[in-house]
Every structure is written in C-alpha cells, then in structure tokens.
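Every read-out reported here was derived from the displayed coordinates using simple, explicitly stated rules and does not represent laboratory data. None of the values given here were measured: they were computed from a predicted structure. With ideal geometry, Cβ positions are generated from the backbone for all residues, glycine too; neighbour counts draw on all protein chains shown.
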Amino acid sequence: MLKSASTLARKVLITPQAYRWCSSSKVSQAPPVVCSEDEPVKLENNPYTKEPRKCLLCSTGIELDYKNARLLQQFVSTFSGRVYDRHITGLCDEQQKKLIKAIAKSRRVGFMPIFVKDPKYARDPKLFDPLKPLRPHSFA
Ligand SMILES: [Zn+2]
C-alpha cells in the first residue's frame with residue numbers, strides 16, 4: 001500500500017506541465033529572482049538616526065501669548081521675579097526671545113506682577129479659605 005502511494009505521489013509531482021514550467025525558454029531568459037530570507041534587508045532610512053532636538057514650545061506647538069500669564073509665570077522665578085535663562089528653561093533661542101518679550105508685555109499690561117513677594121513671607125499660613133466662608137453669602 002505504501003509503495004503504491006509513493007509512486008502515485010511521484011507521478012503527480014512530475015507532471016508534464018511542471019516539467020514545461022521548469023524548462024521553458026521564458027524562465028531561463030528571465031533574471032534569477034532571489035528571495036532568500038537570510039539576505040540583508042535594505043531600509044530606505046536609517047532607524048538609528050536621532051530626531052532633531054526641539055524645545056518644549058516648538059515640540060508641543062504652544063504659542064506664547066502675553067495674555068496667558070499662567071504659562072509665562074512658569075518661566076519666572078518666584079523668589080526673584082527674574083526670567084529663567086535658556087539653560088534652565090531649555091527653550092530654543094527664538095522661543096526664549098519671544099518669551100522675554102511676552103513677559104515684558106504681560107507685565108506692562110498688568111497680567112503679571114512686576115513686584116514679587118519677599119521669600120520670607122512665602123510660607124505664611126492662610127488666614128481663611130475664600131471658598132469655604134463661615135456664613136453663606138450670595139457673591140461667592
Ligand atoms: Zn524651539
């Protein structure tokens with residue numbers, strides 16, 4: 001039984017059509033197609049190249065505006081009121097110049113304070129919480 005099955009399989013494998021496909025003149029003239037999985041794959045771009053460095057504002061796309069005082073306040077020292085330098089903020093030169101101009105304009109207009117609280121008063125306890133009044137009132 002087994003021998004007859006194997007001979008049948010041989011007969012099926014070597015059919016005249018398959019033989020024609022292998023020995024046809026068209027196949028022999030065409031360039032040999034190499035499709036080995038072991039060959040190195042050529043990539044279009046190097047995956048190890050580093051992305052160009054971008055500062056925080058350039059990468060996130062945040063626009064500096066003199067009316068956004070809470071954003072600008074993060075770049076100002078709470079103790080001295082001075083604008084942090086580039087090595088602290090990590091901004092690029094263009095954004096740092098925009099930041100300084102925006103802070104100056106914000107201070108001129110009145111959105112940001114010009115004078116800062118003395119650090120010795122920074123840890124003063126809160127005397128009351130305006131959100132929790134002792135008596136209910138209508139203008140809270
Ligand atoms: Zn930048």
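A few points about this structure:
- Here is the list for the stretch 41-107: GluC sites (Glu not before Pro) lying in DSSP coil, each with at most 12 other C-beta atoms within 10 angstrom of its C-beta, are Glu44, Glu63.
- Pairs spanning more than 32 Å between alpha-carbon atoms, out of Lys67/Lys117; Lys54/Lys105; Lys105/Lys132; Lys67/Lys126; Lys54/Lys117: Lys105/Lys132; Lys54/Lys117.
- For chymotrypsin sites (Phe, Trp or Tyr not before Pro), the sites in the stretch 64-140 that DSSP calls loop and that have at most 16 other Cβ atoms within 10 Å are Phe79, Tyr84, Phe115, Phe128, Phe139.
- Shape category assigned to the stretch 56-118 from the gyration tensor of Cα positions, a/c cut at 1.5: oblate
- Unit charges at the beta carbon, dipole of the stretch 56-118: most positive-side option, Met112, Leu56, Gln96: Met112
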